[in-house]
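Notes to accompany the following structure.
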Amino acid sequence: MDWSSVAGVLLALAGILIGQGLEGGKLSSLLQPAAFSIVVIGTFGAVMLQTRTPTLRRGLSMARWIFKPPPDTRAQLARDINNWSQIARRDGLLALERPMLGAKDKFIAKGLRMIVDGIQPDKMRQMLDMEITAFETAERQAVRIWESAAGYSPTIGILGAVLGLIHVMENLTDPSKLGSGIAVAFVSTIYGVGLANLFFYPIANKLKTIVTRQVYQQELAAAVFYDIATGDFTRVIDERIATLMREP
């Protein structure tokens, strides 16, 4: 569990609620189902319009990483790299078939398979780089739905405000209905701006950090595969392991 994310959400909500209380406002005045429906449903409708369904599903599924990010596999990858290097040096490249069959990560399995199959190192590196680029592009497109939501929600909040003012203008002769229209108008703006800056943008930025770390580890693994395929068992691989463990 990423407790910093939990604390961040609680602090963001607490800041709004405490500020509302200090100004003498009521919590109930911020609870406007009409404003919530306009902003949230409208925002995700706009995001769905611009996004392919598989990308949208992937982006939504990545939201769980905010509170439960993927496990840190750097230590395991460092041990695996050291193991591959020793096996290749001691028993030859074909002996890497054993760790290849036991690899759970598809990228790792693919890299080891290319070494075992005897694919020319430069060609192997090119193919792995293409694999990394495809992975990074797909993941960043999925993350972009949260950036898009952050961009749309303030504008849709303004749209909700305009709708609320229209409701006010339609009921100028009935003072009992003016309050609800004005509430929807202002609370819609709060929802739009608040969701964008307190949730959607932070979610997008945190997910981009996770994707960057995953891509970095794939790039390092690809470099190690190239080193092993070319028979480079010098200090280069040890330095790559050291670099991996220094990565934040």
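Just for the stretch 1-24: of the residues that are over 20 Å from V187 (Cα atoms) and in contact (Cβ under 8 Å) with a residue 40 or more places away in the chain, which one is least open to solvent (accessible area, probe 1.4 Å)?
S5
Can you list residue pairs whose Cβ atoms sit under 9 Å apart, with the first residue in the stretch 115-142 being under 15 Å from A221 (Cβ atoms) and assigned by the TED database to the domain that holds A229 and the second being hydroxyl-bearing (S, T, Y) and in a helix (DSSP H, G or I)? Count only pairs 6 or more apart in sequence or on different chains.
P121/Y226; M124/Y226; R125/Y226; L128/Y226; E136/T212
When you check R79 against the structure, is it more than 31 Å from the chain's Cα centre (by Cα), over 14 Å from G231 (Cα atoms) and either open to solvent by 60 Å² or more (accessible area, probe 1.4 Å) or not assigned by the TED database to the domain that holds D227 (or both), yes or no?
Considered against the rule, which asks whether it is more than 31 Å from the chain's Cα centre (by Cα), over 14 Å from G231 (Cα atoms) and either open to solvent by 60 Å² or more (accessible area, probe 1.4 Å) or not assigned by the TED database to the domain that holds D227 (or both), R79 comes out as no.
Does the stretch 71-93 hold any residues that are basic (K, R) and in contact (Cβ under 8 Å) with a residue 12 or more places away in the chain, and which are they?
Residues satisfying the conditions are R74, R89.
So, in the stretch 111-137, how many residues would count as being open to solvent by 50 Å² or more (accessible area, probe 1.4 Å) and in a helix (DSSP H, G or I)?
14
Return a yes/no flag: does the stretch 48-63 have any residue that is assigned to a loop (DSSP other than H, G, I, E, B), within 29 Å of T230 (Cα to Cα) and in the same structural domain as G157 (by the TED database).
No: zero hits.
Please go through (1) at pLDDT below 90; (2) part of a helix (DSSP H, G or I) for D72 and return the number of the only condition it doesn't satisfy.
Tallying (1) at pLDDT below 90; (2) part of a helix (DSSP H, G or I), D72 fails exactly one: (2).
Run L96 past the list (1) in contact (Cβ under 8 Å) with a residue 60 or more places away in the chain; (2) within 26 Å of the chain's Cα centre (by Cα) and report the number of the one that doesn't hold.
So L96 meets the others, but not (2).
Please go through the stretch 189-203 and give me each residue that is of a type outside the set (A, V, I, L, M, F, W, C), over 12 Å from the mean Cα position of the chain (by Cα) and either over 19 Å from L163 (Cβ atoms) or open to solvent by less than 40 Å² (accessible area, probe 1.4 Å) (or both), ordered by number.
G192, G194, N197
Given the structure, is F233 open to solvent by less than 70 Å² (accessible area, probe 1.4 Å) and part of a helix (DSSP H, G or I)?
no
Is it the case that G151 is at pLDDT 90 or above and farther than 22 Å from R125 by Cβ?
yes
Of all residues in the stretch 37-47, which are open to solvent by 40 Å² or more (accessible area, probe 1.4 Å) and under 17 Å from the mean Cα position of the chain (by Cα)?
If the condition is that a residue be open to solvent by 40 Å² or more (accessible area, probe 1.4 Å) and under 17 Å from the mean Cα position of the chain (by Cα), then F44 is the only one that fits.
The values are calculated or read from the model by the stated rules, or taken from the named source; none is laboratory data. Small disclaimer: the values here were computed from a predicted structure and weren't measured. Ideal geometry is used to build each Cβ from the backbone, glycine not excepted, and the neighbour counts take in all protein chains shown. The area values use the complete protein model at the heavy-atom level, side chains included, leaving out ligands, DNA and RNA. Shrake-Rupley method; radii C 1.70, N 1.55, O 1.52, S 1.80 Å.
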